[in-house]
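Okay, structure first, notes after.
The values are calculated or read from the model by the stated rules, or taken from the named source; none is laboratory data. From a predicted model like this one, the values you see are computed outputs, not experimental measurements. Positions of Cβ are backbone-derived with ideal geometry, glycine not excepted, and every protein chain shown enters the neighbour counts.
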Amino acid sequence: MLDERIFTFNKYMNKVFGKRVSRISFDTGITCPWNKCVFCRHDSFVPENSIVVFNEGWKKQYEKTKDFLEKRYSTNLFAAYFQNGTSTFGSLNLLFKIFREALSLEGIVALIISTRPDHLGKEKIEMIVEAASGKTEEVWIELGLQSIQDESLRWLKRGHDADSYFKALDRIKKYGNGVIKVAPHIILGIPGETVDDMVETVVESVNHPVVKGVKFHHLQIHKGTELESLYFKEKFKLLDEESYFSIIGRIISLIPEDIVISRLFTTSPGNYLVAPKWNKNLQYMLEKLDDWLIKNNIVQGKGRI
Ligand code: SF4
């Protein structure tokens, strides 16, 4: 059981609510204002059945998804997960309405918003706090960082540097009223980065009082992205399963025990995937990683391996 070695999102939510909290994907319906990251294929990380709030029939769609998940996971608690693009982009009033409305749905007990550091100013932070007020204390921002190496951020065409991530954390601390918890998105396996560079990104990025979680992705090449062209042109090396397990194992051993690890590797539809093709199905990979951690005696936060 991974939960015995890692502080997973399920374990955390069980601790807070006494049962599983399943994520339901929501969408503000507003597209990403940046749209230039070389790895990004918008539809590869947004489930087809995302609920676009205020689209016709969205409440019925929510009820259907909720009923399905209730049966599948035996829980009636859900997190409204705004995963699509830059979910804090848009007018304050509209976003407030969207988040508040989602939090008013039966069964929704948490709010998760995915965004970029440069779209999280004082007003947006205060709006999120206000939208959640009286509804939930589980407000998470998944903050796209990917790496603290500025050269990597330039190569990925992220359009921000590492400092803008740390400044966003400081703003959340100042204006977030102690309500917002942050989990940075980190990509492992960016060409040119050493294992020490990746470890440095993780250790530094979780070392802030508002950071309570972290989410990992391994670099994947998706069809139709700029990264696909770069990959065929430059033929850079991608991580294979064994290298990834060794890197993530070292990282897990160094992450403080109270930091929630929300994701361990990328899962994306096979029809988008160009390389590396090592992720078969999620359950298989989780079990394989669990075996690997047991074999190598790794427990989150228990020191260097
Ligand atoms: S900011 Fe996010 S949604 Fe926008 S291009 Fe980059 S990865 Fe894609």
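The listed residues are Lys237, Lys280, Lys233, and the only one of them that is at pLDDT below 95, basic (Lys, Arg) and surrounded by fewer than 20 Cβ atoms within 10 Å (Cβ to Cβ) turns out to be Lys280. Listed by first and then second residue, the pairs with beta-carbon distance under 7 Å, at least 6 apart or on different chains, first residue in region 82-107 and free of Cβ contacts under 8 Å to residues at least 24 places away in the same chain, second of a type in the set (Val, Ile, Thr), form an empty list. Can you work out which of the residues in region 75-94 that are of a type outside the set (S, T, N, Q) and within 16 Å of the ligand (Cβ to nearest atom) is nearest to Ser262 (Cα to Cα)? Result: Tyr81.
Arg20 - would you say it is closer than 30 Å to Asp291 by Cβ and part of a loop (DSSP other than H, G, I, E, B)? Show your work before the answer.
Values: closer than 30 Å to Asp291 by Cβ: yes; part of a loop (DSSP other than H, G, I, E, B): yes.
Spelling it out, Arg20 is indeed closer than 30 Å to Asp291 by Cβ and part of a loop (DSSP other than H, G, I, E, B).
Of these, Lys135, Lys181, which one is on the phi < 0 side of the Ramachandran plot, more than 15 Å from the ligand (Cβ to nearest atom) and either in a helix (DSSP H, G or I) or more than 17 Å from the chain's Cα centre (by Cα) (or both)?
Working: Lys181 fails: either in a helix (DSSP H, G or I) or more than 17 Å from the chain's Cα centre (by Cα) (or both).
Result of the check over Lys135, Lys181: Lys135.
Filtering Phe89, Phe82 for residues that are crowded, with 22+ Cβ neighbours inside 10 Å and touching a helix residue (DSSP H, G or I) at 6+ places or on another chain (Cβ under 8 Å) leaves a single hit, Phe82.
So which of Asn271, Asn296 is surrounded by 13 or more Cβ atoms within 10 Å (Cβ to Cβ) and of a type in the set (S, T, N, Q)?
Among Asn271, Asn296, only Asn296 is surrounded by 13 or more Cβ atoms within 10 Å (Cβ to Cβ) and of a type in the set (S, T, N, Q).
Any residue in region 45-52 that is acidic (Asp, Glu) and touching a helix residue (DSSP H, G or I) at 6+ places or on another chain (Cβ under 9 Å)? No, the conditions are met nowhere in region 45-52. Residues that are buried (at least 16 other Cβ atoms within 10 Å of the Cβ) and either hydroxyl-bearing (Ser, Thr, Tyr) or within 16 Å of the ligand (Cβ to nearest atom) (or both) within region 53-74 comprise Tyr62, Thr65, listed in sequence order.
Counted as qualifying within region 195-305 are the strands (runs of 3 or more DSSP E) with 3 or more residues that are in contact with a strand residue (DSSP E or B) (Cβ under 9 Å, 6 or more places away or on another chain) and farther than 19 Å from Leu143 by Cα, namely 273-275.
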